[in-house]
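The values are calculated or read from the model by the stated rules, or taken from the named source; none is laboratory data. Model, not experiment: these values are computed from the prediction. Because the Cβ atoms are built from the backbone with ideal geometry, glycine has one as well, and the counts that use them run over all protein chains shown. Keep in mind that these areas ignore ligands, DNA and RNA; they rest on the heavy atoms of the full protein, side chains included. Shrake-Rupley method; radii C 1.70, N 1.55, O 1.52, S 1.80 Å.
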Amino acid sequence: MLRVESPSAPEPVCYINGKRYALPADRGEATLLQFLRENGLTGTKLGCGEGGCGACTVMLSHYEDGRVVHRSANACLCPLYAVEGMQVVTVEGLGNVRDGLHPVQQRLAVMHGSQCGFCTPGFVMSMYSLLRSCEEAPTEEDIEDALGGNLCRCTGYRPILDAFKTFAKTDPAAYTEEAIAASKGLIPGVCPSSGMPCDCASKAGGGCGSGSTEKAAAGGIAAAVAAAPARPTCEPIFPPELKKRPAFHLAMPGPVVTWHRPATLEQLLELKSVHPDAKLVVGNTEVGIEMKFKNAKYPVIIAPTHVKEMNQITVTETGVEIGAAVTLTRMMKAFKGLIASRPRHEVSAMEAVVNQLRWFAGNQIRNVSALGGNIVTGSPISDLNPLWMAAGATFVALGKDTGERAVRASEFFLGYRFVDLRPHEVLYKVVLPFTRHNEYVKEFKQSPRREDDIAIVNAGMRVKLARGDSEGVWVVEEAAVAFGGVAPRAIMAPSVAAALVGKPWDQETLQAALAAVRQDVVLVENAPGGKVEYRRALAASFVFKFFVHAAITLEVRSSGKEGEKAREGGEPLNLSPLCAAAIGCRYRNLLPQAPATPETVSVVGQPHHHMAAELQVSGEAQYTDDIKMTQDTLVAALVTSTKPHAKITKLDASAALQVPGVVGFYSAKDVPGSNAIGPVWYDEEVFATSEVTAVGQVIGVVVATSEAAARAGARVVEVGYEDLPAVMSIEEAIEAGAFYEDYTGKLECGDVDSAWAQCDHVGGQEHFYLEPNNCVVIPHENDEFTLFSSTQAPAKHQKYVALVLGVPAHKIVSKTKRLGGGFGGKETRGIFIHCAAAVPSYHLKRPVRLCLDRDEDMQMTGQRHAFLATYKVGFTADGRVLAAELDLYNNAGNSHDLSHSIMDRALLHSDCVYKVPNMRVRGHMCRTNQASNTAFRGFGGPQGLMFAEMWIEQIAKTLGKPDVEVRTLNMYKEGDVTHFGQVLEHCRARACWETVLGSSSFTERRDKVAEFNSENRWRKRGIAATPTKFGISFTTKFLNQAGALVHIYLDGTVLVTHGGVEMGQGLHTKMAQVAAQALNVPLSKVFISETSTDKVPNASPTAASASSDMYGAAVLDACRQLSERLAPYRSKLPSGTWKEVVNAAYLDRVDLSAHGFYATPDITGFGGNRPFNYFCFGAAVSEVELDVLTGDMQVLRSDLVMDVGNPINPAIDIGQVEGGFVQGMGWLVLEELMWGDKQHPWVRPGHLFTKGPGTYKIPSVNDIPVDFRVQLLANAPNVRAIHSSKAVGEPPFHLGASVFFALKEAVYAAREAAGIKGFFVLDAPATPERLRLLCSDEVVQPYAHPDIRCAALADGLWLIVLGQEHCNITATCRAGSFPSHGESSSRRNGMPRVCAVANEGLS
């Protein structure tokens, strides 16, 4: 038996922010993130648990080859014991509000780069790690690459890039050694805050740090960046102890996992011999996810990180040998060095590897992931394995007593995650041969999102060419083609290779190779992963691309014109030079004039940064899961349904109660009050009693002394089921007649019947707030409870927890400090979670904490509603709409939730900005077995708006007119009446429209796009303009009320409390500005702490974009009362200070506290002729470029004009416009939900497949427009809201539609080049799959019909009558999760014929 540890082995330690920690025993399964948060370092956040969001980013530093190496890493995946002998730097180690911020933190704060703030520490640490690891200032492209592993749902990324690119090139990196010395006063002339040359120390007041942050914000970016902390910080120095620490065999036994870190190759081989089933782990990026999400058990883990031989990169005469433990970042860096130094013909394979790694995960993953792990995992979609196979690499296995064994990469992968590695062996190294003259290797990858995403299909291809007998003819000597993502393992394509070898490199050979793809790539219709036609077409497209790439490369190198630009079409759409940072996100901010303010103070209308920004960038901002709890706190884990619809036949928790640490199990029988809850209708249960109606429905809750124990207990609760029929989609609901019959919403104007369907889709959307739903329940005496929750509706939590516990509401106090994003998803769907946690707290009289994992949150809490619409539209020959009739269907899910109000708003917005004199719209709520869908930014409005844009676009294409012309013709004017009877006052739709068309040079650019398309066959551009109109108010009238409480203290400070919740939208900042201006005090005097039901009762949810209007008016009302009370004392003390005035009033026994209230006047709610207080208007122009062969795209430029009235805070409003636009773009272009339904038979029935960042893709930093311009409409005061401002949260969301329609224009151009003209249906989201298949060129035609979405055109469903006075189109549109290709057309049985087109299989 192996001796695992010598008596002299050093104590296992790590340093965190300069502090020494002895690593605890028995924690082999623990992650670094768990350890950090257990030790109070809560600035590092848990966003996803799978390394996909970057919220948990930290910097790891270790000593290697005489120098300190710094790298970013995901703490959620990093094993605790993996950091032994390292220094960990978290966001707390950089700076803080009290002592001073680090320049990275400070610049992000003052340049508006933090909204909700949950993702902010991760961005700070990614940027900081980049600066520490760079030997010189990074480029802007380096910065964007470093941020590729970080997600933000709020900002749209532009302000983050703007803040961080101040460190690029011309600026010295923050905290060079000189800067550190300067912070100690050792080097004059260098600013200790920024590390930049500066004479700040000589300035009066102490230098940069003495400036006012408020003045900096008001004075612009330059002043903001210059405003440095007063007490500059110095980051932790690498501990000298760790520099002297020898490599040793670390052995940490434990009850769950025993961790080994051998120091020698011999020790490693001995360990693998003794423990043949042990997992080898370096980055833990695969094993960690399996342990967390699949409950995989790996009792022995071996980390080869300190085995020298496996961490070497050796250059030989014939190639490169890479140790299996070498990280991907280190290999990438080494290959770049070899590419620069070796002869060009030798490095083609290395170039391909480097290019592929650029799009492989994020920096945090590449920094820790080992080459060997990526190979041995045997993933069928590994980005590198097809390259190793095609390039002729050899894998060397090594085992104790058996020596080295070489296996060709092409023969190594035997099956799904099964490789040619014997139990006692380890993968020792990879041998990559140099390429030869006229030998070319190329990489290919297509994924749903370009940055940090797994591949749909990838490939590696190699060809060796030789001169033929004829002049200019080249013949294939060798060929190797490998594909990933088309089989259970990476495969070679022998038929393609055979079609190439011995053949001339010409068009005939290309056609033979393309035909051979169909022999090698064979996928059954229900293949796991779906997208069958697309995956086959991608394989063919990659062959086409490689053929042209090799021909052009050969031509260029043979002619000696190496530096010249390759001709169009030869390369895949190379978008790396088009990164947003490389060209720069241009920020055009035409601020309207702020309203007049007192001479002594200027607050409202100024671009003050978010009041909590400094706390957020330093990690000090506290979210619900960061609250420090007492030692008796219990952790809860939910027991949920695994069936979409079933009777519960058994519920046995006896096994759970035997799990060590478990304290109790609670279900419906334990509810002391009512088990029935629901936001409007009480049609939900806290705990399911006899029947479950969705996967993820709560059946019970286990509480324990630790999260691990609670989850272990929840897993062993035995639930028996008897399956019942399940309905998963709108189509199935229509077929089954499954509706919520109590909803009968309808709007009508004119005479539709006298005035006189096609099918479009718009996908559902996951909220993907970075902070998962979580809550804390704290019991007190006499059945009193304090609730902390990540919710937009604290009052609702108070109400329903009181109901469930059977205690009066006045004993329940519900508090919310801030949210890490909400977007509507935390309005109602967190209530049942809080109620479930409250029940054990009630019985045990102990605090209970419950935090959902990302996958649980996405499965359980609902998404944006899927919608389907049938429509019939009549119009004149010049394109003027005369009549429209629509039926909207939404996927409500398994309960009402807010679906009725969401449908109301969809009906109200189904006109967009277009005047339709005769219109009828009806709504239908479908009852399905999905978790109840819920509010999401726009609340049904975007679905209605999108349908209108779809039929407007179809009219234009039917008539052969420009879309812009038809949109302009039908656009509302001042005084027009909507289809619901509201007169449009101050209608600025045309003002925004004309402004954006002019400022974007739309007409000229449209001509240039046409010119580009005529010159390029395989790349197409599109440009489109779309308007928006969004109504502001809750459509349920009673919700339009708000309260506020304002206290003035004797030191002159002001405390404001209102009923709204801060979730990143800057509500607290705006309210503080309103109070400061109303009281005529500096903003620094005003503070807003939290939202609490014992301060402002019965508050409406923070939703409907109305919070600034309502709570601002309530705050203003309270301040007016206080100002009136203080007015006599200001008159008596004309030269007195504010503090003196306040104290004078106090001494005179004047009340210095006031409650304000506001109710929105003159509104009717849904069904009346004034459901909205006013409308917001906007318009956008977007230009895109599309790779026809793959469907990959880039947004080249977006111009936005938004009507926000006179903004209270223009910087916050611009942030909302940008964030809303990017989120809307994501909905329509990237974000695709996949459920276990008839369209996705490879997913477990009722389960959500896309329930984490690994499968569900929101926009990343690389997806935003390269050129991003935002303009606020000038001179546009709003007479119906506070300070003439307007709401801004939801209205900009629909502007993302401009990207969707620009992409559609690019596809039109591709289809025209293929000889296919006329209108076609593009469902949303416009994923690469849909875009590629609809391009209909000769490469894709063998796999997809030109109208794959709508193959049954001949059914006669369309009525298009041209050349007459009236033209009619009939259509079915959908907004939601829609059928993918391959769906059986037999599903039309029993459905309205007009819906059949929508559901036609894409065969």
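Order the following by accessible area, largest value first: Lys545, Lys669. Probe radius 1.4 Å; ligands, DNA and RNA are ignored.
Result of the area sort, largest leading: Lys669, Lys545.
Lysines near Lys1132 by alpha-carbon distance under 29 Å, same-chain residues fewer than 8 away left out - which ones?
Lys1085
Hey, could you grab the Kirkwood Rh for the stretch 1205-1251? Inverse mean 1/r over distinct alpha carbon pairs, Å, one decimal.
13.3 Å
Near the amide H of Val300, under 5 Å away, which other amide H atoms are found, from residues 5 or more places off or on another chain, if H is placed in the peptide plane?
Those lying under 5 Å, H to H, from Val300 are Thr258, Lys279.
Show me the ranking of peptides 1129-1141, 871-883 by mean Cβ neighbours inside 10 Å, starting with the highest.
Put in order of decreasing packing, that is 871-883, 1129-1141.
Rolling a 1.4 angstrom probe over the protein chains, ignoring ligands and nucleic acids, what is the accessible area of Ser1014 in square angstrom, nearest 10?
Approximately 90 Å² of Ser1014 is accessible to the 1.4 Å probe.
Starting from the Cα of His1047, step 7 Å along the direction of its Cβ; do the same at Lys1317; then give the gap between the two resulting points in nm.
Result: 7.4 nm between the two label points.
Give the long-range amide H neighbours of Gly47: residues separated by 5 or more places, or on another chain, with amide H under 5 Å away, using H modelled in the peptide plane at 1.01 Å from N.
Here the answer is Ala55, Cys56, since their amide H atoms fall under 5 Å of that of Gly47.
Report the per residue volume, in Å³, of the convex hull enclosing the C-alpha atoms of the stretch 85-145.
Convex hull of Cα atoms, per residue: 118 Å³.
How much length, in nm to one decimal, is gained on full extension between Asp753 and Thr316, taken as 0.36 nm per residue of separation minus their Cα-Cα distance?
149.2 nm
For Lys628, go through the aspartates and glutamates and keep the ones whose alpha-carbon is under 18 Å away, minus same-chain ones fewer than eight residues off.
Glu38, Glu92, Glu620, Glu707, Glu771, Glu1090
If you bin every alpha carbon distance in the stretch 409-518 into 5 Å steps from zero, what whole percent lands in each bin?
Calculated over all Cα pairs of the stretch 409-518, the distribution is 2, 10, 16, 19, 18, 16, 10, 6, 3, 1, 0, 0 percent.
Determine one quarter of the surface area of the Cα convex hull of the stretch 1144-1239, which equals its mean projected area, and express it in nm² to one decimal.
Over every viewing direction, the Cα hull of the stretch 1144-1239 projects on average to 14.4 nm².
Could you pull out the pairs from Lys294/Lys650; Lys45/Lys165; Lys817/Lys1139; Lys19/Lys826; Lys294/Lys669; Lys279/Lys445 whose alpha carbons sit more than 32 Å apart here?
Long pairs (Cα-Cα over 32 Å): Lys19/Lys826.
Can you find, among Ala1326, Val441, Gly399, the residue sitting farthest towards the positive end of the charge dipole of the chain, where Lys and Arg contribute +1 and Asp and Glu -1 at Cβ?
Gly399
Below 29 Å, Cα to Cα, which lysines can Lys1008 reach? Residues fewer than 8 away in the same chain don't count.
Answer for Lys1008, where 29 Å is the Cα cut-off: Lys545, Lys561, Lys565, Lys957, Lys961, Lys1020, Lys1304, Lys1317, listed by chain and number.
Work out the charge dipole of the chain with +1 on the Cβ of Lys and Arg and -1 on the Cβ of Asp and Glu about the Cα centre, then indicate which of Ala490, Val1061, Ser61 is farthest towards its positive end.
Of the options given, the answer is Ser61.
Strictly greater than 18 Å: what percent of every Cα pair in the stretch 987-1094 meets that?
69 percent
Can you tell me the order of 1316-1326, 107-117, 268-278, 531-541 when each peptide is scored by its average per-residue count of other Cβ atoms within 10 angstrom, highest first?
Sorting 1316-1326, 107-117, 268-278, 531-541 by mean packing, highest first, produces 107-117, 531-541, 1316-1326, 268-278.
Give the whole-number value, in cubic angstrom per residue, of the convex hull volume spanned by the C-alpha atoms of the stretch 1067-1121.
83 Å³
Please report, in debye to the nearest 20, how large the charge dipole of the stretch 1103-1218 is about its Cα centre when each Lys and Arg carries +1 at its beta carbon and each Asp and Glu carries -1 there.
1000 debye
Using only alpha carbons, build the gyration tensor for the stretch 881-1017 and give me the equivalent ellipsoid semi-axes, biggest first, whole Å.
They are 32, 20, 15 Å, listed from largest to smallest.
Once R0 is set to 45 Å, what does the formula 1/(1 + (r/R0)^6) return for the Cβ-Cβ distance between Ser558 and Glu1011, expressed as a FRET efficiency to the nearest 0.05?
About 0.90, to the nearest 0.05.
Evaluate Rg over Rh across the stretch 1178-1329, taking Cα atoms for both radii and Kirkwood's formula for Rh.
1.06
Over all Cα pairs of the stretch 697-810, how is the pair count split among 10 Å bins, expressed in % and running from 0 up to the last occupied bin?
Per 10 Å bin, starting at 0, the Cα pair percentages come out as 8, 19, 27, 25, 13, 6, 2.
I'd like the FRET efficiency for Glu241 and Thr630, computed as 1/(1 + (r/R0)^6) with the beta carbon distance as r and R0 of 45 Å, rounded to 0.05.
Taking R0 as 45 Å, the efficiency between Glu241 and Thr630 is 0.80.
Sorted from largest down, give the three principal axis spans of the alpha carbons of the stretch 880-931, whole angstrom values.
Each principal axis gives a Cα extent; for the stretch 880-931 these are 41, 15, 11 Å.
How would you classify the stretch 310-375 from its alpha-carbon gyration tensor, with a ≥ b ≥ c the square roots of the eigenvalues: rounded for a/c under 1.5, else prolate if a/b is greater than b/c, otherwise oblate?
Judged from the Cα gyration tensor, the stretch 310-375 comes out oblate (a/c at least 1.5, b/c at or above a/b).
Rounding to the nearest 20 debye, state how big the charge dipole of the chain is about its Cα centre with +1 on each Lys and Arg Cβ and -1 on each Asp and Glu Cβ.
I would put it at about 1280 debye.
Whole Å is fine, so just give me how far the alpha carbon centre of the stretch 760-824 lies from that of the stretch 318-360.
51 Å
When you count, for each residue, the other Cβ atoms within 10 Å and take the mean per peptide, how do 783-791, 1100-1108 rank with the highest first?
Descending packing order for the listed peptides: 1100-1108, 783-791.
Tell me, Kirkwood radius of the stretch 669-761 from alpha-carbon pair distances, in Å?
Kirkwood radius, the stretch 669-761: 18.2 Å.
Taking a ≥ b ≥ c as the square roots of the eigenvalues of the Cα gyration tensor of the stretch 488-542, is the shape rounded (a/c under 1.5), prolate (a/b larger than b/c) or oblate?
Taking the square roots of the gyration eigenvalues as a ≥ b ≥ c, the stretch 488-542 is prolate.
Using DSSP to define loop residues, name the GluC sites (Glu not before Pro) in the stretch 598-637 whose beta-carbon has at most 10 other beta-carbon atoms within 10 Å.
Within the stretch 598-637, the qualifying GluC sites (Glu not before Pro) (loop, at most 10 other Cβ atoms within 10 Å) are Glu599.
How many percent of the accessible area of the stretch 11-57 is carbon or sulfur, using a 1.4 Å probe?
Carbon and sulfur together cover 45 percent of it.
Give me the dipole magnitude in Debye, nearest 20, for the stretch 677-791 about the Cα centre, with unit charges on the beta carbon: positive for Lys and Arg, negative for Asp and Glu.
Roughly 560 debye for the stretch 677-791.
Between the stretch 1217-1240 and the stretch 739-753, how far is it from one alpha carbon centroid to the other, in angstrom?
28 Å
In whole Hz and in residue order, list the ³J(HN,Hα) couplings for the stretch 927-944 that follow from phi through the Karplus curve 6.51 cos²θ - 1.76 cosθ + 1.60, θ = phi - 60°; x for Gly and Pro.
These are the phi-based 3J(HN,Hα) values: 8, 10, 9, 9, 4, 3, 6, 8, 5, 8, 2, x, 6, x, x, x, 5, x Hz.
If every alpha-carbon in the stretch 775-901 counts as one equal scatterer, what log10 I(q)/I(0) does Debye give at q = 0.18 1/Å?
Taken in order of the listed q values, log10 I(q)/I(0) reads -0.96.
If a/c stays under 1.5 just call it rounded; otherwise compare a/b with b/c (prolate if a/b is bigger, oblate if not). Do that for the chain, with a ≥ b ≥ c from the square roots of the Cα gyration tensor eigenvalues.
Rounded, since a/c falls under 1.5.
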